[in-house]
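Participant: Structure incoming, see below.
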Amino acid sequence: MLEIFEYEFMQRAFLAGMIIATLASISGTFVVLRRYSMISETLAHSALVGVAVGLVAGFNPLWMAVIIAILSAWLIEYLRYSFSLYSDAVLAIFLSGSLAIAVIIVSLGGAFNNSLFSYLFGSILAVSDADLITIFIFGIVCLSVLLIFAKEFYFIAYDEEVAKTSGIRVRLLSFLLVTIVAIIIALSIRVVGSLLIGALMVIPTVSALQYRQGFAKTLFISLFFAIFSVASGMTLSFYMSLPSGATIVLSILVIFIISLVANKR
Amino acid sequence: MKFSLPIFDVKNLYFIVDDQEILRNVSFEIFAQDYIAIIGPNGGGKTTLIRILLGLEKETKGEVRIFGKKIKDFKEWHKIGYVPQRASHVDASFPATTQDVVKMGRTSKRKLFSKESQEDKLRVEDAMRKMDVYHLKDKMIGTLSGGQRQRVMCARALASRPEILILDEPNTGVDVSSQQRFYELLRELNKKEKITIVFITHDIGVIADDIARLFTINQKAVICNNPKEALSCEDMSDLYGIDAHLIHNHKHEH
């Protein structure tokens, strides 16, 4: 066996990474196609508030991250629909707002330390057995929802109004999609880190789009890129002692640049 | 004229935004197998009207019934096919083949957890053939011409086997020969497939001989059940002077 898999923590990290790559790329496809890429970045910062609360108050940071991310996702959707605010402005407000709240909570609680650093940039050392189980259970639920409603999400991304006139419950499904995205992001911050998870959601899809294929193929290419970049990023992280989130994002960036150049017309 | 239940029954419809009347006291019925063109000046309320019919906007006053039901109680949206105005300018990088797009038309009919059925496949293929886009089924939607895309959007709407097709300026950005062909296809759907057709248009010249009824919308609505006598329709020239004139001229050329 490869040296990298001789360590239990690496096995856990790899498993968690594969689950996250799958979830992030599939949900990311729908998010990108809806022109809603910034939601992932924003929710990642909201999840950080959950982590901060968890670290300071002694709750499980992962669970708190899931809860706070879902709540902000709902609040963002509610604001978008009810006050017809510009989507990107709402996202910008939430992004910096949550980061400010997270920093203040952590400062007041005196938890500014390495543990917070690992939540910002991801750490393969950090994935515990309990984390892996949480990621696995939530992951199965999220993946099922994504696959069950894939056709509806795709239709809504293509044309929201036509989907609505076809009897598809656009608003309900939009809430469902952001809820799933919130959960996936919160789960991912252990491995990829909250400052970098947005990239794992968005870049595999944007890279796959360069190949100009139909829906199913684009989804598979994006999935392949995500899994490949997580695997290579983690290997790099292991051998070079770098934060895993950064190496994963760099791997996917390389794939993006290659895809862009190879498909240049 | 006809005794069956109208598909749309609109009574005393008002649509008011910021004290401005977009639609004022509009009443009409649309029956099965009608072939209706809606004309009117820009900003006259044509698009608003069909958005209300489709449940995308809510009327301020008045009543709209679809197949006898109030819009909020209406559930069988697959009976209504909608082709929006911007249909011909799709985002070029959207990952969809012609087939992917037409398949979306089956989404509203499917049951949760169900896979694509044999019927879905047949309907999708049938819709593509009817709109003459079957040979483009594996082409990316972004690479098609405006006219081809328009037909793909129609095929998507047809895939749910609608009883009525509503089109908002289907030929914006489409060249003239494709336009004519498109209207021929619409007319065929109307005659052979018995599908009711309602469309907003500016190019009256192309269709003037063919339409069965003409709605002129400029806040108020004037319904002409025989467009060949469009000019004798009361208030027609008040509502839409120039284009009424156009129709008139067009008639004399033939």
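Participant: Output the number of residues of the range A:155-169 satisfying the condition of being in contact with a helix residue (DSSP H, G or I) (Cβ under 8 Å, 6 or more places away or on another chain), among the charged types (D, E, K, R) and at the interface with another protein chain (Cβ under 7 Å from one of its Cβ atoms).
Facilitator: 1
Participant: Among what's in the range A:203-220 and is crowded, with 24+ Cβ neighbours inside 10 Å and of a type in the set (A, V, I, L, M, F, W, C), pick the residue that is farthest from the other protein chains (Cβ to nearest Cβ).
Facilitator: Residue satisfying both the conditions and the ranking: A:Ile203.
Participant: Given (1) assigned to a helix (DSSP H, G or I); (2) more than 13 Å from chain A (Cβ to nearest Cβ), identify the lone condition not met by B:Lys103.
Facilitator: Status for B:Lys103: all satisfied but (2).
Participant: Quick check, is A:Ser27 part of a helix (DSSP H, G or I), modelled with pLDDT of 95 or more, among the polar types (S, T, N, Q) and under 26 Å from A:Leu147 (Cα atoms)? Break it down into steps so the answer makes sense when it comes.
Facilitator: Numbers: part of a helix (DSSP H, G or I): yes; modelled with pLDDT of 95 or more: yes; among the polar types (S, T, N, Q): yes; under 26 Å from A:Leu147 (Cα atoms): yes.
Judged against the criteria, A:Ser27 is a match.
Participant: Can you tell me how many residues in the range A:61-78 are closer than 21 Å to A:Arg35 by Cβ and surrounded by 17 or more Cβ atoms within 10 Å (Cβ to Cβ)?
Facilitator: Our first condition is that a residue be closer than 21 Å to A:Arg35 by Cβ; within the range A:61-78, this holds for A:69, A:72-78.
From the residues that got through so far, the ones that are surrounded by 17 or more Cβ atoms within 10 Å (Cβ to Cβ) too are A:69, A:72-73, A:76-77.
Residues flagged as closer than 21 Å to A:Arg35 by Cβ and surrounded by 17 or more Cβ atoms within 10 Å (Cβ to Cβ) within the range A:61-78 amount to 5.
Participant: Also: Just to be sure I understand, how many residues within the range B:124-158 are of a type in the set (D, E, K, R) and more than 14 Å from every other protein chain (Cβ to nearest Cβ)? I'd like the intermediate steps shown before the answer.
Facilitator: The first filter runs over the range B:124-158 and keeps only residues of a type in the set (D, E, K, R), leaving B:125-126, B:129-130, B:132, B:137-139, B:149, B:151, B:156.
Filter again for more than 14 Å from every other protein chain (Cβ to nearest Cβ), leaving B:125-126, B:129-130, B:132, B:151.
Count: 6.
Participant: Out of all the residues in the range B:79-138, which are among the acidic types (Asp, Glu) and modelled with pLDDT of 85 or more?
Facilitator: B:Asp100, B:Glu119, B:Asp120, B:Glu125, B:Asp126, B:Asp132, B:Asp138
Participant: Can you tell which of A:Leu223, A:Leu253 is at pLDDT 95 or above and surrounded by fewer than 20 Cβ atoms within 10 Å (Cβ to Cβ)? Quick ask: steps written out before the conclusion?
Facilitator: Details: A:Leu223 fails: surrounded by fewer than 20 Cβ atoms within 10 Å (Cβ to Cβ).
Exactly one residue qualifies, and that residue is A:Leu253.
Participant: How many residues does the range A:134-153 contain that are surrounded by 22 or more Cβ atoms within 10 Å (Cβ to Cβ) and either free of Cβ contacts under 8 Å to residues at least 12 places away in the same chain or facing chain B (nearest Cβ under 8 Å) (or both)?
Facilitator: 1
Participant: Shifting gears a bit: Please state which one of A:Val170, A:Val178, A:Val141 is within 30 Å of B:Leu144 (Cα to Cα) and of a type in the set (Val, Ile, Thr).
Facilitator: On the way: A:Val178 fails: within 30 Å of B:Leu144 (Cα to Cα); A:Val141 fails: within 30 Å of B:Leu144 (Cα to Cα).
Just one listed residue meets the conditions, A:Val170.
Participant: Kindly indicate which of A:Leu236, A:Leu196, A:Leu177, A:Leu200 is surrounded by fewer than 18 Cβ atoms within 10 Å (Cβ to Cβ) and more than 11 Å from every other protein chain (Cβ to nearest Cβ).
Facilitator: Working: A:Leu196 fails: surrounded by fewer than 18 Cβ atoms within 10 Å (Cβ to Cβ); A:Leu177 fails: surrounded by fewer than 18 Cβ atoms within 10 Å (Cβ to Cβ); A:Leu200 fails: surrounded by fewer than 18 Cβ atoms within 10 Å (Cβ to Cβ).
Being surrounded by fewer than 18 Cβ atoms within 10 Å (Cβ to Cβ) and more than 11 Å from every other protein chain (Cβ to nearest Cβ) holds for just one of A:Leu236, A:Leu196, A:Leu177, A:Leu200, which is A:Leu236.
Participant: If you go through the range A:107-132, how many residues are closer than 28 Å to A:Met234 by Cα and surrounded by 12 or more Cβ atoms within 10 Å (Cβ to Cβ)?
Facilitator: Selection size over the range A:107-132: 18.
Participant: When the range A:5-51 is examined, which residues are found to be over 23 Å from A:Ala157 (Cβ atoms) and either touching a strand residue (DSSP E or B) at 6+ places or on another chain (Cβ under 8 Å) or of a type in the set (Ser, Thr, Tyr) (or both)?
Facilitator: Hit for the range A:5-51 is A:Tyr7, nothing else.
Participant: Suppose we filter B:Pro84, B:Pro95 for residues that are closer than 30 Å to B:Asp132 by Cβ, within 17 Å of the chain's Cα centre (by Cα) and within 14 Å of another protein chain (Cβ to nearest Cβ); which single one remains?
Facilitator: Working: B:Pro95 fails: within 17 Å of the chain's Cα centre (by Cα).
Going through B:Pro84, B:Pro95 in turn, the sole match is B:Pro84.
Participant: Tell me which residues, restricted to the range A:228-265, are more than 18 Å from the chain's Cα centre (by Cα), closer than 22 Å to A:Ser118 by Cα and aliphatic (A, V, I, L, M).
Facilitator: Across the range A:228-265, the qualifying residues are A:Leu236, A:Met240, A:Leu242.
Participant: Here's something else I'd like to know. Would you mind stating whether B:Asp175 is touching a helix residue (DSSP H, G or I) at 6+ places or on another chain (Cβ under 9 Å) and either modelled with pLDDT under 70 or not small (Gly, Ala, Ser) (or both)? Can you show your working first?
Facilitator: On the way: touching a helix residue (DSSP H, G or I) at 6+ places or on another chain (Cβ under 9 Å): yes; either modelled with pLDDT under 70 or not small (Gly, Ala, Ser) (or both): yes.
Here the answer is yes, as B:Asp175 does meet what is asked.
Participant: Pick out the one residue from B:Phe215, B:Phe182 that is among the hydrophobic types (A, V, I, L, M, F, W, C), at pLDDT below 90, within 15 Å of the chain's Cα centre (by Cα) and closer than 15 Å to B:Gly147 by Cβ.
Facilitator: Details: B:Phe215 fails: closer than 15 Å to B:Gly147 by Cβ.
The conditions single out B:Phe182.
Participant: Looking at (1) among the hydrophobic types (A, V, I, L, M, F, W, C); (2) touching an Asp or Glu at 6+ places or on another chain (Cβ under 7 Å); (3) crowded, with 21+ Cβ neighbours inside 10 Å, can you tell me which one B:Leu56 breaks?
Facilitator: All conditions pass for B:Leu56, except number (3).
The values are calculated or read from the model by the stated rules, or taken from the named source; none is laboratory data. Quick caveat, the model's predicted, so the values are computed rather than measured. A quick note on method: Cβ atoms are made from the backbone with ideal geometry, for glycine too, and the neighbour counts reach across all protein chains shown.
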